[in-house]
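The values are calculated or read from the model by the stated rules, or taken from the named source; none is laboratory data. Treat the numbers as computed from the prediction; the structure is a model and nothing was measured. Positions of Cβ are generated from backbone atoms using ideal geometry, with glycine treated the same way; all protein chains shown enter the neighbour counts. Remember, those area values only see protein heavy atoms, side chains included, never the ligands or the DNA or RNA. Shrake-Rupley method; radii C 1.70, N 1.55, O 1.52, S 1.80 Å.
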Amino acid sequence: MADVEFEREQMLNDVPLEGDITVPGAPPEKEDQEFSTLDEPVRETIMRDLRAVGKKFFHVLYPKESKALLKEWDLWGPLILCVFMAMMLQGSTERANDMNDGGPQFAEVFVIYWVGAVIVTLNVKLLGGSISFFQSVCVLGYCVLPLTIALIVCRIILLAPRTTALFVVRFITVIIAFAYSTFASTAFFIDSQPPHRKALVVYPVFLFYFIISWLIISHTHN
């Protein structure tokens, strides 16, 4: 029995217990040097995460590398865009008594943004997509960036007197942003889907961005 216990202890001692954690946005040379965030200043951690979010925004505006947004997914960018859009849209509609009520607009945008992304993601997974759940939500959230830019442009245009020509400009701006958001998201989704089901994946994505586009048009007309 003593020999058995001794051999068991020897086997446990031979098991390697080392491991490493890759840090999103960290340079490869730092990862090779056992890079750790435990002793890292908070400011440097925040700046590194902001740079990572900025790179993902760039890949949305220039969706050339379809896997760049999927390697290190995060939900910081989608959360920032969601809160920003909800704040921009709240209080943009007026009631009959000329009182602004921003609560329902904020909740509406928030629910549509996240619930819509989850529904589209579930559809992608049920159709046999190889992309993970959070990767899909990440892509859908980040690809709202063109529509967010369109919302800013629309709010700036609304500072001028209301005319039909300006409404046409806002409408065209949102349509272009809607098309670009759909194109950017499908550029990331399309390679992870079965060839004969790609249309079934694109259609819910189309509806998701169409609803957000409709919110921008309808909630910025007054």
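Observations on the model:
- Most to least accessible of Val139, Val169 (protein chains only, probe 1.4 Å): Val169, Val139
- Simple spin-label estimate for Phe84 and Arg43 gives 2.4 nm between the two label positions (7 Å along the Cα-to-Cβ direction from each Cα).
- Simple label model, 7 Å out from Cα along Cβ direction - Leu200 to Val168, nm: 4.2
- Using a probe of 1.4 Å on the protein chains alone, the accessible area found for Met47 is around 80 Å².
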